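These notes are about the structure you will find just below.
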Amino acid sequence: MFHTQEKRVERLTQPIRCTRPDAWLGYGYYFWGDLYDAIIWGRQSKKNTGEYEIYKGVVESDNILDTVFSEEGYLFFLEMINQVIADCEKKSGRRIGTNDVCRYIMKKAKWDKSLDGVMFADTPNTEIEKFNYRKRIQLVLYKLDSLMSFEFMKEGRC
């Protein structure tokens, strides 16, 4: 898996925990499944220093909710997200958005207490408009115990 960050004076020895309020699956260490996506993320989202770094991490755990390759994991995840949406809309009386779901997961779901991480996919930008033939796979890791190795891989300019 690949972890992308702004370039720093010193190389990282471990990933940096994401604490953004819009972190899709809560606070954690986010990794990309494909180097291509890690590079695109660096170019588009890590512009503070004008350069980015990509680190390669090896993750091993039997306690990761796999919503990408496991049908059972995906159906469980789908049910949980639909329940979050229904609960939030019932309590607020309005249609909710992504930020509402993110806040709920961070504050109430507490997945970071029961899981080592969640592997998920979203819709990537592809070469052909509206032809989403590949998955953009990410992993949010809640506990560093599952990270077996972490090393610098490459850098680039934004």
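This model, with +1 at the C-beta of Lys and Arg and -1 at the C-beta of Asp and Glu, gives the chain a dipole about its Cα centre of some 740 debye.
Considering only Cα-Cα distances, which of the following residue pairs are longer than 19 Å: K47/K154; K110/K143; K46/K143; K56/K154; K113/K143?
K46/K143
A helix-only calculation puts the chain at -8500 deg cm²/dmol for mean residue ellipticity at 222 nm, using -39500 (n - 2.57) for each DSSP H run of at least four residues, averaged over all residues. The relative contact order of region 2-157 comes to 36 percent, based on Cα pairs under 8 Å that sit 6 or more residues apart. Within the chain, DSSP assigns beta bridges of which about 90% are antiparallel (rounded to the nearest 5).
How big is the dipole moment of region 1-91 about its Cα centre under a simple scheme where the beta carbon of each Lys and Arg is +1, that of each Asp and Glu is -1, and everything else is neutral? Debye, nearest 20, please.
For region 1-91, the charge dipole is close to 660 debye.
Readers should treat all values here as calculations from the given coordinates under stated rules, not as data from a laboratory. These figures come from a predicted structure and were not determined experimentally. We place every Cβ from the backbone using ideal geometry, glycine too, and count neighbours over all the protein chains shown.
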